[in-house]
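To start, the structure under review is shown below, and the notes come after it.
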Amino acid sequence: MAATQRRITGWMREHSAIGYWLSAMLKLGGVATLLSMAFLWFTTPLPTPDHLRAQAALGDTRILDRNGRLIASMPDPLGQSRNPVPLSQIPLALRQATVAVEDAGFYTNPGIDLRGIARALWQNATSGEIVAGGSTITQQLARNVLLDPALGRQQSLERKLREIVLAFKLTLSYPKDEILALYLNQTYYGGASYGVEAASWRLFGKPVHELDLAESALIAGLPQAPSQLDPLADGGAAARVRQLQVLEAMQRAGFLTATQVESASSEPLEYAAGTCRPGTCEYPAPHFVAYVLNQLAATFGSETLARGGLTITTTLDLGLQDAAQAILKRQIEVLATPRDGGPNRNAHNGAVIVLDPSDGAVLAMVGSPDFSNRASQGQVNAVTALRQPGSALKPLTYAAALEQGFTPASILLDVPTSFPTREGQPYIPQNYDRRFHGPLSLREALATSSNISAVRTLRAIGIPALLNMASRLGIHSLGENPSRFGLALTLGGGEVSLLELTGAYAGLAHAGERVVPYAIIDVTGQGLGNQEDTETRRQGDKETQKLRSALSAPTLQHSNTPMLQCFNASMLSCSALSPQIAYLITDILADPYARMRAFGTALDIGRPAAVKTGTSTDWRDNWTVGYTPDRVVGVWVGNADGSPMEAVSGVTGAGPVWRAVMREAHRGLPARSFVQPAGIVTATICADSGMLPSPNCPATREELFVTGTQPRKRDNTHVAVRIGLSGDCRVLPGLPAQPSTLRVFRILPPEAQPWASDAGVPLVPRRVCTQSVAQGAQPTPSDADVKTYSQVPAIVAPASGTRFAINPGISRERQQLEIIARDSIHTERLAILIDGKPIATINGPPYRAFWKLEPGQHTISVESHDAQGQVVVGEVVSVVVDDLTR
């Protein structure tokens, strides 16, 4: 150091003129700095102890619903109604944890940390903006309580200098313990918790003096980012990471041993003991209130909330919120109460979120059936907690597949399949019903929730494609690292929140535009600063749009895909996928006939609605998420501790809640159809192959396609083969005539052959018929033939007594009933009849036809015609069709 100084002195002597001016400038800079600090010292007064709290208090903070109804009134955290806890009643562990993690030199520094300030100045200088503050506990107190609110939110040199001056004055005027007590009693800890006493009641249901080391360390870590670390928002994963950091800081400060750190970090924590501190959870929508306050703190800083005096107008519809709460609570009671000798379903928790897909407004947020229920951890907000979505993630897989050239008519195999894994163990998925269904169209596979088809599709498109689609639609909890997941991801092998997933479905409802859920419309009050600053946040101003973006879900992560296009800087309007693909997914999820085989009419609500269920492994979570053009509703049912339920699926658990909440959410709203965008065409296809019909195609249907993706080739998967009357050999052309019949067979891929054999699907006989049968002779069927084919034809589907409905808003041409029949041993051709009139005559299996629904009661029958003209009539099936358009 001495040598360096000598070199500098020598250089200045050699360059005397330059040295003179440098010396003069340094002296002037020092004088200017002293004058500036003197000015700030005398213009930054420190209130007297009697006026300290009066200066900071601004009145209660009021939270209103979208119609101006009061949801909650939060007492001013620094006002007269607040009762601070003496430092003697705050556990030593909590005090030590706070000092260790926030300001290790608190008891020895003069209110500022010179090293911390120097480090922050260097980081700010190298980054070109203020990114670090180096604030001590005393500085935080000065900024949060004493500075003008408008100045306190600024990242400016003036704010930092005044903060330093106030920290010095506080240190000179108050004992360290009193400063620490004031800090612990006014700091924001998330939700509606100001001060450690409120935080202790909110998180653990007990006064602060009863906290142990593990609980104290967790609370001490929250002020760093109370909204992101809130353990009641995500079940505590992020908070436990921060807790370990606090414990390690305590060890470095000499407060704990390594053994104590290990013991405290491994201690199970029981959140939300269910005993509410008076005035903290006696209002409706407590989870929503905490969600709003956390977002406001993340945007404006916890010091703004600590000031009080705010009026927050939210998006919530209090009437719908109350109805959703009651519906969820009633369903959980039904599942938990055995009826008619049935089992207890062991389902004790659930959550509901309702969004407006046009802009993402949160209309209802029910985080649990009973906020104060200790046994079910009712204070954990299950709307924002991460859980496995099961099959509810499949629509995103198929949306990504449609982008890669798949169509709703693409054929997917639902047959036993073993997939290799990185671990070397085969992955063999099973369907929900433990059955295999053979070749399915993409429409059928999604509507009936075929697990095997979804896994095969993900293998074809790749895991990165699904993660990319999820990210574009607002699901960020899965991340973008495909190595974390296997093919089970499409079946819900990752964790998402109900809020994220419902927001993604809202994007599908909103023509593929990314929908960012938001909860706050307007914020006013003295706590924001001067009146001019407040006015800029009123509804309708551009600043409100920025506020909405800031207060919404995590910032949109741009991906490399060209499909994502943001139309303005606020990211309130972003195209995540094309309107055409979004519409095709919507049309499939809204197709009641495609999903009928798996779900019947359990998800119908009397108007066009797209819906998907999901159930995770071992019945731990079940979901139902769906939408109309006007509302999106997501429902989760399960247990907060992750324990499995007893055979509760998305249809029996979350489904009834979804259906009831959807009806409540649409009260007074006319039924609307999903608007078909330009670029969609309808084509007639062969129902079995998805190709253009051929003469051998047994049945056709209508399907939707993105323009240009409709099939161009005719069906080549059905062939007409002449077979012997025994049915076990084929007649080769060119040989002498013999008794035979012409039958249509479906050609399946080799990997589907074992399934076809097990399922009894007729395959082209491999054996060639011999010439041992005399020409014109009629062989008698063997016993084996009789066992293979019934002597009497029959209708396989639909079942007799089934009731169907004609829905408004769906084209009548597309509301068709699929009829499946079975032939008899000597069938040459088979006729399907409705009310005694034939609608289709089919020459060979599969015997399938489609009938456009007509209101009323109808009979369905089948007639089998053999080569000699004999007719056999099967049993008659009765169905009823209701007309909901009237």
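The values are calculated or read from the model by the stated rules, or taken from the named source; none is laboratory data. Computed from a predicted model, the values in this text were never measured in an experiment. Because the Cβ atoms are built from the backbone with ideal geometry, glycine has one as well, and the counts that use them run over all protein chains shown. All accessible areas refer to the heavy atoms of the entire protein, side chains included, with ligands and DNA or RNA removed. Shrake-Rupley method; radii C 1.70, N 1.55, O 1.52, S 1.80 Å.
Taking 51 Å as R0, compute the FRET efficiency from the Cβ-Cβ separation of Glu702 and Gln228 and round it to 0.05. Once the sixth-power term is evaluated, E becomes 0.55.
Shown here for the range 404-492: GluC sites (Glu not before Pro) in loop regions (DSSP other than H, G, I, E, B) with at most 12 other Cβ atoms within 10 Å, namely Glu423. A simple spin-label model places pseudo-atoms 7 Å from Cα toward Cβ; at Trp851 and Ala720 they are separated by 2.6 nm. Modelled spin-label separation between Asp866 and Asn67, with each label point placed 7 Å from Cα along the Cα-to-Cβ direction: 7.2 nm. Would you mind pulling out the separation of the Cα centroids of the range 592-641 and the range 390-453, in Å? Value for the Cα centre distance between the two parts: 18 Å.
Each label was represented as a point 7 Å from its Cα along the Cα-to-Cβ direction; for Asp322 and Ala799 these points are 4.1 nm apart.
So which trypsin sites (Lys or Arg not before Pro) in the range 432-511 pass both tests, a DSSP loop state and at most 13 other Cβ atoms within 10 Å of the Cβ? Sites meeting the loop and neighbour criteria: Arg434, Arg435.
Surface composition of the range 815-854: carbon and sulfur atoms hold 47% of the protein heavy-atom accessible area at a 1.4 Å probe. For the residues Arg66, Arg595, a 1.4 Å probe over the protein chains yields an accessible-area ranking, largest first, of Arg66, Arg595. Counting only Cβ charges, +1 for Lys and Arg and -1 for Asp and Glu, the dipole size of the range 384-452 around its Cα centre is about 160 debye. Would you mind pulling out the separation of the Cα centroids of the range 208-273 and the range 807-886, in Å? So the two Cα centres are separated by 67 Å. Sites listed here are trypsin sites (Lys or Arg not before Pro) in the range 308-404 whose DSSP assignment is loop and whose Cβ has at most 12 other Cβ atoms within 10 Å: Arg339.
Using Cβ point charges alone (K and R +1, D and E -1), the dipole size of the range 571-655 about the Cα centre works out to roughly 200 debye. Each Lys and Arg Cβ is given +1 and each Asp and Glu Cβ -1; about its Cα centre, the range 327-459 then shows a dipole of about 340 debye.
Summed over the residues of the range 800-886 and divided among them, the accessible surface reaches 48 Å² per residue at a probe radius of 1.4 Å.
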